[in-house]
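Shown next, in C-alpha cells, is the structure this report addresses.
The values are calculated or read from the model by the stated rules, or taken from the named source; none is laboratory data. Predicted, not measured: the structure shown is a model, and the values here were computed from it. Positions of Cβ are backbone-derived with ideal geometry, glycine not excepted, and every protein chain shown enters the neighbour counts. The area values use the complete protein model at the heavy-atom level, side chains included, leaving out ligands, DNA and RNA. Shrake-Rupley method; radii C 1.70, N 1.55, O 1.52, S 1.80 Å.
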Amino acid sequence: MVQKAKILLVDDRPENLLALEAILSALDQTLVRAASGEEALKALLTDDFAVILLDVQMPGMDGFETASHIKRRERTRDIPIIFLTAINHGPHHTFRGYAAGAVDYISKPFDPWVLRAKVSVFVDLYMKNCQLKEQAALLRLQLEAGDAQPALGSALLSELSARLASVEEQAEALTKQLDGSDDSGAAATAAHLERKLTGLRRALEALRPGSD
C-alpha cells in the first residue's frame, strides 16, 4: 500500500482551515492542521511534508517569520511553501514572500481548482521522490553487499529512470503551459520543480556503473 503524503495547513482561523480541507480532500492525502506558526514548526520536527500552505497574516509569528524558521532548518528547508493571503499590499509584499522562501503566492479568495492543481504537482513530485530514494537505497545496498546480479542492477536502474522520466514529462508539460504567462508564482513553482528534478536525475546517473 502506497503511503499517503502529508500536507501542512497553517492558518489561525478555523474556518479557513476547514475550507482548505474541503478543497484538498479530493487529493486523498493526509491533511495536518496548525493554528499558528509555532504549531507548524512543532509538527515539522517529527513529520515529513510534501508541501506547506501557509497563511501570511497570523498573530504572533506571522507567515514570513514562520517560513524563515522553516528554511533555516536543514530537515525542512526544501519543503515547498505556498503563501496564502487575504491582503494584497502590492509587488513589494509579494516579493517579500518569495524572499522568505515561498514557491508560490496566492491571494484570497483563490480559485479552488487552481490551488488543488498546484498542490497536486508537489504531492506527485514528493511521492515520486520517495519512491526513487527507496529504490536507489535498496540498489546501493545490493551493490555494496555484492548480491546484485548485473542484469538485476540494470533492470532496477531502468525502472528508476522510467519513474523519473514520467515526472520530468509532467514538469515539461507544466512549463509549456506557463510560456507567456504573467503568473510569477506559477513560474516560481516550475523553476522549483526543475531544480528538484535535476538533482534527482544526477543522483540516478551516479548509480550507473562506471560513474564517479
- Among the residues of the range 121-129, is there at least one that is among the basic types (K, R), open to solvent by less than 40 Å² (accessible area, probe 1.4 Å) and at pLDDT 75 or above? no
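So which residues in the range 1-13 are closer than 21 Å to R116 by Cβ and open to solvent by 50 Å² or more (accessible area, probe 1.4 Å), if there are any at all?
V2, Q3, K4, K6, R13
I'd like the full set of residues that are polar (S, T, N, Q), surrounded by fewer than 17 Cβ atoms within 10 Å (Cβ to Cβ) and touching a residue at least 24 places away in the same chain (Cβ under 8 Å), limited to the range 14-31.
T30
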- In the range 105-119, residue farthest from Q29 (Cα to Cα) [restricted to those that are open to solvent by 50 Å² or more (accessible area, probe 1.4 Å), assigned to a helix (DSSP H, G or I) and of a type outside the set (A, V, I, L, M, F, W, C)]: P112
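Here's the yes/no breakdown for (1) open to solvent by less than 10 Å² (accessible area, probe 1.4 Å); (2) at pLDDT 90 or above:
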{"site": "R33", "(1), (2)": "no, yes"}
{"site": "E39", "(1), (2)": "no, yes"}
{"site": "A43", "(1), (2)": "no, yes"}
{"site": "T46", "(1), (2)": "no, yes"}
{"site": "V51", "(1), (2)": "yes, yes"}
{"site": "L54", "(1), (2)": "yes, yes"}
{"site": "M58", "(1), (2)": "no, yes"}
{"site": "I82", "(1), (2)": "yes, yes"}
{"site": "T94", "(1), (2)": "no, no"}
